[in-house]
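So the structure is just underneath, and the comments pick up after that.
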Amino acid sequence: MVAPKRDVLVTGIGLLSSLGEGVEAHREALASAGAPRLDGSSFAPYTVHPLVAVDWSAQIPKKGDQRQMETWQKIGVYAAGLALADAAVPADEATRAGVDMIVAAGGGERDTTVDALVLARAREAGDNGARMNATLSSELRPTLFLAQLSNLLAGNISIVHKVTGSSRTFMGEEGAGISALAVAQARIAAGQSDICLVGSAYNAERKDLLLNYEIAGMLRSGPFAPVFERIADGGEPGLVTGSVGAFLVLEPAEHAEARGARAYARLTRVEGDRGRRDAAALEKRLSRLVEAAGGLDADLVVSGATGLADATRVERDVLAAKAPKAELRAAGERLGHSFETQFIAATALAALDLAGGGHARALVTTVGHSDAEGVAALEAVSNGEAAR
Amino acid sequence: MSQASDLDFAGRPLVAVTGVGVVSSLGQGVEANWDALTAGRSGIHRINRFATDELRTTIAGTVDFIDVGPHVSTNLSFAMAEAAATEAIGMAGLPRDDFAGPLFLAAPPVELEWTSRFELDKLPGDAREEAGYDRLIELARQNRSDEVYEITRFSRIAEKLSDRLGTRGLPVTLSTACASGASAIQLGLEAIRRGDAERALVMGTDGSVTAEALIRFSLLSALSTQNEVPEKASKPFSKDRDGFVMAEGSGALVLESLASARARGATVLAIVAGVGEKADDFHRTRSKPDGSPIIATIRAGLADAGLSPQDIGYINAHGTSTPENDKMEAQGLAAVFGEALARVPISSNKSMIGHTLTAAGAIEAVFSVLTIQRGVLPPTINYNNPDPAIPLDTVPNTARKAEVNAVLSNSFGFGGQNVSLVIGRDPRA
């Protein structure tokens with residue numbers, strides 16, 4: 001009845017971050033020796049992992065397209081282009097029309113100048129909202145709305161890279177990235193899709209978003225510390241954000257073989273869940289996810305931990321108990337935390353490591369900053385399987 | 001064990017609709033909405049939730065009868081979603097706090113809202129005087145608030161629904177603009193076909209009519225400015241249509257494998273026979289001039305259902321009342337249906353409830369289910385000045401009785417999002 005599941009391979013990786021762009025710039029991202037690239041001054045007292053300087057034209061050739069996007073969308077469209085090129089998916093419309101797409105998205109940049117103007121004018125006495133209406137009507141650029149709409153990251157990927165097989169945008173911080181990868185993997189395994197572009201983008205260099213996380217009291221303003229060392233940090237919040245674009249091309253083994261595509265790794269399982277966040281409930285849920293994903297056999301864990309003390313402590317303890325043989329690395333160490341993008345970026349790093357022969361079986365974990373947990377399992381592909 | 005009759009033409013599990021729920025500007029619940037819809041009543045009215053001075057559009061289909069205190073989009077979106085979901089789950093005969101299946105929720109993108117920014121700006125604390133984000137951040141450091149923070153989280157509505165209704169796993173919150181509700185149904189359908197779930201709660205909700213949202217759509221010239229008689233502003237397929245009318249609402253459906261529905265003796269309201277999707281790569285707000293993505297979407301929906309155009313008895317149009325959409329939708333349908341299109345009634349619920357944006361695809365799917373179940377086609381109201389360029393049987397102004405075996409329901413959105421659902425009668429009925 002239900003057809004046997006197909007193997008799902010990672011055949012393309014597109015990464016753009018503080019470390020640079022492309023696969024080579026990120027191969028050593030999990031090495032503990034490397035130092036992160038940080039910007040502690042632009043958004044002081046907060047530190048961010050700033051995006052590397054990018055020549056957008058390399059993946060977004062038309063200036064007109066670039067003008068329609070703010071940085072968040074450009075990061076995503078650029079990383080998507082890198083992934084498609086890396087997977088050698090031909091650029092002709094006929095091929096790209098058969099590529100499915102799932103994007104995990106937040107929202108786009110606000111016009112902070114216009115917002116400041118609205119705030120200033122609203123201080124005048126007796127305003128019922130008319131001043132805000134007048135200011136927004138006259139000052140907002142019409143196209144800014146489209147640069148802000150969550151699903152327009154995917155919309156711009158369709159326009160720039162001609163990916164039109166399907167287009168779905170998931171929202172909701174870390175959980176969106178977990179679900180995007182889970183649904184993409186499940187659709188391919190079940191024969192509902194033959195090739196899927198899945199990914200996300202996050203722009204950390206935005207005061208509108210820093211405001212949100214400061215309202216929640218999550219942002220770290222003290223000196224930088226490695227992610228897992230922030231657990232014992234005397235109450236200093238642990239979140240250090242980073243600008244990251246991460247896209248993967250997934251396809252079934254038959255499809256990859258037929259077009260001569262090489263694989264980084266096999267994505268065998270993606271699991272997600274959510275629930276109460278007290279330590280006992282989180283520990284139980286995360287343990288179940290790690291066990292379901294085959295934790296005991298893993299020799300590498302790429303964690304998407306936020307560095308927020310309580311959840312990161314639970315995650316460390318669960319991994320020590322359930323994946324005891326694994327080397328533990330935090331994706332956020334070099335990339336920063338990237339919310340919607342974190343799980344997919346961590347999965348990309350794990351696939352890169354497996355392809356380089358570093359390890360045989362990897363787990364990817366993400367415990368969301370407020371909600372949602374996800375675990376992915378990857379295996380190295382053997383030499384007979386057209387490994388990278 | 002499932003039987004052959006529980007499978008579709010391609011050997012996949014048939015997916016039944018066993019419960020529906022709806023909230024719109026016409027009222028709360030299936031009966032209130034169906035009564036108004038088949039009576040040709042409009043829910044569009046003048047906005048009184050916030051000041052409309054200086055706005056080009058001052059009308060909308062807001063939902064004002066659910067009290068959520070001071071308006072916050074997330075809170076209203078949740079309240080409507082909870083009402084619609086609870087109705088759907090109750091109708092399906094399932095426990096209201098232990099749904100035990102996944103949740104796919106179409107919800108509007110959220111941000112900190114202006115009320116919160118204004119309140120932040122007034123908070124006490126040691127901060128620079130100059131208005132702007134630097135000041136707000138400095139004040140936030142001294143006035144942290146989980147409650148305000150929750151407003152900014154995209155996944156919050158789904159989390160609260162999941163806790164309240166007992167859905168399982170990590171809920172999916174999605175946006176494909178004005179196709180979102182249909183995309184939620186598509187994701188649930190696929191999960192059940194894969195065998196990943198026996199049932200799924202699929203829904204859309206949108207309570208995001210704010211001054212800024214109206215301004216943003218106005219700046220794109222998307223909204224009707226026919227403010228004088230609010231209930232007459234939304235006039236899909238009319239010659240003098242000039243834009244859509246923003247509206248709020250929620251639609252929810254319980255999807256279930258037919259085998260599972262049969263095993264527990266549930267009433268099958270309809271089946272989701274198929275879904276088609278095709279993205280447009282032409283422009284951020286406009287369709288490809290040749291209509292090829294819309295055409296491909298409709299064809300894919302029919303193919304997925306194993307049906308041909310002559311099997312479709314009624315089309316629930318996207319029908320936004322914008323000059324562009326209605327023309328492109330009619331052209332796309334004509335390309336697929338040919339001359340037979342003249343014989344297929346097509347109406348737009350948006351003529352009465354306005355454009356409920358993120359929720360539209362789910363609400364209109366609920367109405368499509370009711371159309372099949374109750375044998376009545378809701379009308380396209382305000383159809384007094386037909387656009388001669390798109391001759392259609394729009395079920396003008398008055399509801400019509402008709403036995404329908406299959407409905408095509410279209411949803412098209414900004415960003416090139418196109419989804420067509422095919423909803424059919426229970427094959428055993």
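For the reader, a short list of remarks on this structure follows.
- Top-ranked residue of the range B:394-421 - restricted to ones that are in a strand (DSSP E or B), away from chain A (no Cβ under 14 Å) and touching a Pro at 6+ places or on another chain (Cβ under 9 Å), ranked as nearest to B:Ala279 (Cα to Cα): B:Leu408
Rundown of residues vs (1) on the phi > 0 side of the Ramachandran plot; (2) out of contact with any Phe, Trp or Tyr (no Cβ under 7 Å at 6 or more places or on another chain); (3) of a type in the set (A, V, I, L, M, F, W, C), yes/no style:
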residue: A:Leu335; (1), (2), (3): no, yes, yes
residue: A:Phe339; (1), (2), (3): yes, no, yes
residue: A:Gln342; (1), (2), (3): no, yes, no
residue: A:Ala348; (1), (2), (3): no, yes, yes
residue: A:Ala355; (1), (2), (3): no, no, yes
residue: A:Leu363; (1), (2), (3): no, yes, yes
residue: A:Gly374; (1), (2), (3): no, no, no
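- Only residues that are farther than 16 Å from B:Gly306 by Cβ, touching a residue at least 24 places away in the same chain (Cβ under 8 Å) and of a type outside the set (Ser, Thr, Tyr) were counted across the range B:2-42, and they come to 20.
- Boolean, A:Val198 is buried (at least 24 other Cβ atoms within 10 Å of the Cβ) and closer than 23 Å to B:Ala197 by Cα: yes
- From B:Glu129, B:Glu147, B:Glu190, B:Glu119, residue being of a type outside the set (Gly, Ala, Ser) and facing chain A (nearest Cβ under 8 Å): B:Glu190
- Here the range A:205-233 is the region considered, the condition is being buried (at least 23 other Cβ atoms within 10 Å of the Cβ) and away from every other protein chain (no Cβ under 14 Å), and the residue that is nearest to the chain's Cα centre (by Cα) is A:Val227.
- Scope the range B:350-393; condition farther than 18 Å from B:Ala83 by Cα, in a helix (DSSP H, G or I) and hydroxyl-bearing (Ser, Thr, Tyr); matching residues: B:Ser351, B:Ser368, B:Thr371
- One residue stands out among those in the range B:236-262 that are assigned to a loop (DSSP other than H, G, I, E, B) and within 18 Å of the chain's Cα centre (by Cα): the one that is farthest from B:Ile346 (Cα to Cα), which is B:Glu248.
- Filtered by the rule that a residue be buried (at least 18 other Cβ atoms within 10 Å of the Cβ) and at the interface with chain B (Cβ under 7 Å from one of its Cβ atoms), the range A:118-128 gives A:Leu119, A:Ala122.
- A count restricted to the range B:218-235 and to residues that are more than 21 Å from B:Asp64 (Cα to Cα) and assigned to a helix (DSSP H, G or I) stands at 2.
- Residue within the range A:142-163 that is more than 28 Å from B:Arg216 (Cα to Cα), part of a loop (DSSP other than H, G, I, E, B) and either within 7 Å of chain B (Cβ to nearest Cβ) or in contact (Cβ under 8 Å) with a residue 24 or more places away in the chain (or both) present: no
- Check on A:Ser137, over 18 Å from B:Leu174 (Cβ atoms) and over 19 Å from the mean Cα position of the chain (by Cα): yes
- Residues in the range A:6-23 that are under 14 Å from the mean Cα position of the chain (by Cα) and of a type in the set (Gly, Ala, Ser): A:Gly14, A:Ser17, A:Ser18.
- Some residue of the range B:336-347 being over 24 Å from B:Thr18 (Cβ atoms), free of Cβ contacts under 8 Å to residues at least 24 places away in the same chain, of a type outside the set (Ser, Thr, Tyr) and in the same structural domain as B:Asp35 (by TED's automatic domain parsing): yes
- Scanning the range B:167-189 turns up at least one residue that is at positive phi, in contact with a strand residue (DSSP E or B) (Cβ under 8 Å, 6 or more places away or on another chain) and not hydroxyl-bearing (Ser, Thr, Tyr).
- Listed conditions (1) over 16 Å from the mean Cα position of the chain (by Cα); (2) part of a helix (DSSP H, G or I); (3) hydrophobic (A, V, I, L, M, F, W, C) are all met by B:Leu37, apart from (1).
- In the range B:49-85, the residues that are surrounded by fewer than 18 Cβ atoms within 10 Å (Cβ to Cβ) and either of a type in the set (A, V, I, L, M, F, W, C) or outside any loop (DSSP other than H, G, I, E, B) (or both): B:Ala51, B:Phe65, B:Ile66, B:Val68
- Single residue of B:Ala273, B:Ala296, B:Ala259, B:Ala279 found to be away from chain A (no Cβ under 14 Å) and modelled with pLDDT of 95 or more: B:Ala273
- Flag for A:Ala104 being touching a residue at least 24 places away in the same chain (Cβ under 8 Å), within 12 Å of chain B (Cβ to nearest Cβ) and not in a loop (DSSP other than H, G, I, E, B): yes
- Residue within the range A:29-45 that is among the hydrophobic types (A, V, I, L, M, F, W, C), within 12 Å of chain B (Cβ to nearest Cβ) and either surrounded by fewer than 22 Cβ atoms within 10 Å (Cβ to Cβ) or not in a loop (DSSP other than H, G, I, E, B) (or both) present: yes
- The residue that is surrounded by the fewest Cβ atoms within 10 Å (Cβ to Cβ), counting only those in the range B:97-116 that are within 11 Å of another protein chain (Cβ to nearest Cβ) and in a loop (DSSP other than H, G, I, E, B), is B:Leu112.
- Residue list for the range A:69-82, restricted to those being part of a loop (DSSP other than H, G, I, E, B) and buried (at least 22 other Cβ atoms within 10 Å of the Cβ): A:Met69
- Only one of B:Ser218, B:Ser224 that is closer than 24 Å to B:Ser25 by Cα, of a type in the set (Ser, Thr, Tyr), within 14 Å of chain A (Cβ to nearest Cβ) and under 21 Å from the mean Cα position of the chain (by Cα): B:Ser218
- Which numbered condition A:Glu373 fails, given (1) more than 14 Å from chain B (Cβ to nearest Cβ); (2) in contact (Cβ under 8 Å) with a residue 12 or more places away in the chain: (1)
The values are calculated or read from the model by the stated rules, or taken from the named source; none is laboratory data. Keep in mind the model is a prediction, meaning the values are calculated, not measured. No Cβ is skipped: glycine too gets one built from the backbone with ideal geometry, and neighbour counts run over all protein chains shown.
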